[in-house]
Structures are given as structure tokens and as C-alpha cells.
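In what follows, a single structure is set out as C-alpha cells and then discussed.
The values are calculated or read from the model by the stated rules, or taken from the named source; none is laboratory data. None of these values were measured; they are calculated from a predicted model. A quick note on method: Cβ atoms are made from the backbone with ideal geometry, for glycine too, and the neighbour counts reach across all protein chains shown. Heads up: the accessible areas ignore ligands, DNA and RNA and are worked out on the full protein's heavy atoms, side chains in. Shrake-Rupley method; radii C 1.70, N 1.55, O 1.52, S 1.80 Å.
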Amino acid sequence: ATGEPLWQLPMGAHFREELESDVADMKNLGLVNAGASSAAEFLAHFAHGVPWAHVDIAGVAATAKPSGWKTKGMTGFGARLLVDALERFGA
């Protein structure tokens, strides 16, 4: 509806293992690959059954040239998506 493409992140124990720490209960930093999936595992750990979503915007936060609704520079990706979700499903 907003023109912001989405996909479901892969999740699983192998991403959770990347968050193990020798000095803390859990670290908020995954390994080089699949950082968005390990970040989702970090959030899931604290959700305790409450519906949640991880909107990872790092790769789409800026663009070098305008396209569609996106202007050159910072895109604001995710803002339209979150407003649309709140309008549809309530706050």
C-alpha cells in the first residue's frame, strides 16, 4: 500500500547464538552476515509474546537519486509504512 517493499526476515537459533556474550546476558550486535536477522532475534527475546515487528531501514535509508516518492538523500523509508500500519490496525 505504501510502495515500501517488505519481506519476512529469516530467524532461528543460529542467529540467536550470535548474540551470546562472555560478559553480558546478551549483546546487541550480531556477526557480519544477517545483522537484521540477529537484531530481530534480539527484539524477539524481549517481546515475551507481544506482537512486534523489526523494520530494518539501514540499507534503504538514503538514495543517490530520486525515484517515485523518494527524494535524493534521506528517504524516510518506513515512516509511511508505520503510519499505514497504525491506521489499519490501531495504536
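Numbers for the structure displayed
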{"read-out": "Average Cα contact separation per residue, the chain, under 8 Å, 6 or more apart, as relative contact order %", "value": "23"}
{"read-out": "Residues with amide H under 5 Å from that of Ala62, placed H, sequence gap 5 or more", "value": "Thr75"}
{"read-out": "Furthest towards positive pole of dipole, Val83, Val50, Ala13, structure part the chain, Cβ charges", "value": "Val83"}
{"read-out": "Under 17 Å from the Cα of Lys27 - aspartates and glutamates, other chains or at least 8 residues apart", "value": "Glu17, Glu18, Glu41"}
{"read-out": "Region 12-81, accessible surface, carbon-and-sulfur percent (1.4 angstrom probe)", "value": "58"}
{"read-out": "The chain, dipole about Cα centre (Lys/Arg Cβ +1, Asp/Glu Cβ -1), debye to the nearest 20", "value": "580"}
{"read-out": "Accessible area of the chain divided out per residue, in Å², using a probe of 1.4 angstrom", "value": "75"}
{"read-out": "Protein-only accessible surface order, largest first, of His54, His14, His48 at 1.4 Å", "value": "His48, His14, His54"}
{"read-out": "Candidates per chymotrypsin sites (Phe, Trp or Tyr not before Pro) in the chain, loop by DSSP, up to 12 other Cβ within 10 Å", "value": "Trp7, Trp52, Trp69"}
{"read-out": "Debye log10 I(q)/I(0) at q = 0.23 Å⁻¹ for the chain, Cα point scatterers", "value": "-1.16"}
